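What follows is a short report on a single structure.
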Amino acid sequence: MSGILRFEDWSDPVPPAEREVVSRLPEDDGGRPPLLFVPGLGHGAWAFAEHWLAHAAGRGFPAYAVTPRPGGDLRAQAHDVVQVAASLPRQTVLIGHGTGGRVVARALGRYPARAAVLVAPLLDGWAALGAALRSNPTGTVPALFGRRLKFSARQLFGPELPAEEAAAHLERVGARPAAGLLARDELPAPVGGPPTLVVGSPDDRVVPRAALDRAAARYGGAPLLFPGMGHYLMLEPGWAEPIDAILDWLDKELPR
């Protein structure tokens, strides 16, 4: 299934790029829709490969995660998501985390997803930047001048994650904000009106609770919340609870 071609796609096409795609597939293909996980700023497919991909495959869902092209802007990253989703064997569920939620929201304007899940989504980049400045000013201010964004364990993880695990993850996290990912602009209406779920934590220091409420209201619902967890729900000690809730929701919304 292909995406929708827009004027800018052929007048100013996104240049080709290598895309890392990691997958975990179920032992038996029961016809469930593929899941495509889209990471946000500072991390790649590895963040989902830690726990969520294998867990989803264990419950019968073909699970894939794509690493965005380095330095790609919002349009380029959404293009990559559409291209990968269109290459999968069936109509795909798009699942974006953090700024990856913004990329998915953009991709939904071109790709008729089977469903969508926005995990701790950063749909309003300016609000996210304000939260980052409050919780981690030392690591955030340099990024305003084109330098590397440095996160802190307190900013990204809940208190239950052991310090050594948080430190190991932080060694793999960090980026320079790409154009458009932290901007404020109008996101397109999803093609085909797919069911959309917003998931997050009221204790997230990156995405405030009010932002979760606004994101969920945009798609006609209320957020599914997991108190006590940090921004990286998929790396927390209780990582199984949110992914199981997401898969339960998909089973309900997309009966076989």
Problem set entry | Number of the condition not met by R75 [criteria: (1) of a type outside the set (A, V, I, L, M); (2) surrounded by 21 or more Cβ atoms within 10 Å (Cβ to Cβ); (3) in a helix (DSSP H, G or I)] | (2)
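Name the residue that is modelled with the lowest pLDDT, counting only residues in segment 15-72 that are on the phi > 0 side of the Ramachandran plot and either open to solvent by less than 30 Å² (accessible area, probe 1.4 Å) or part of a helix (DSSP H, G or I) (or both).
First, the residues of segment 15-72 that are on the phi > 0 side of the Ramachandran plot: 31, 42, 60, 71.
Narrowing the set further to residues that are either open to solvent by less than 30 Å² (accessible area, probe 1.4 Å) or part of a helix (DSSP H, G or I) (or both) leaves 42, 60.
Values: G42: 77, G60: 96.
Result: G42.
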Seminar exercise, completed: Being in a helix (DSSP H, G or I), at pLDDT 95 or above, in contact with a helix residue (DSSP H, G or I) (Cβ under 9 Å, 6 or more places away or on another chain) and open to solvent by 30 Å² or more (accessible area, probe 1.4 Å) narrows D244, D251 down to just D244
Exercise. Do we find a residue being open to solvent by less than 20 Å² (accessible area, probe 1.4 Å), modelled with pLDDT under 75 and within 25 Å of A85 (Cα to Cα) anywhere in segment 180-198?
Worked result: yes
Problem set entry | Among residues of segment 214-240, those that are within 17 Å of the chain's Cα centre (by Cα), assigned to a helix (DSSP H, G or I) and surrounded by fewer than 21 Cβ atoms within 10 Å (Cβ to Cβ), counted | 3
Seminar exercise, completed: By residue number, the members of segment 85-105 that are in contact (Cβ under 8 Å) with a residue 60 or more places away in the chain, surrounded by fewer than 24 Cβ atoms within 10 Å (Cβ to Cβ) and outside any loop (DSSP other than H, G, I, E, B) are A86
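The values are calculated or read from the model by the stated rules, or taken from the named source; none is laboratory data. For clarity, every value in this text was computed on a predicted model and none was experimentally measured. We place every Cβ from the backbone using ideal geometry, glycine too, and count neighbours over all the protein chains shown. Areas reflect the complete protein model, heavy atoms only, side chains present, ligands, DNA and RNA absent. Shrake-Rupley method; radii C 1.70, N 1.55, O 1.52, S 1.80 Å.
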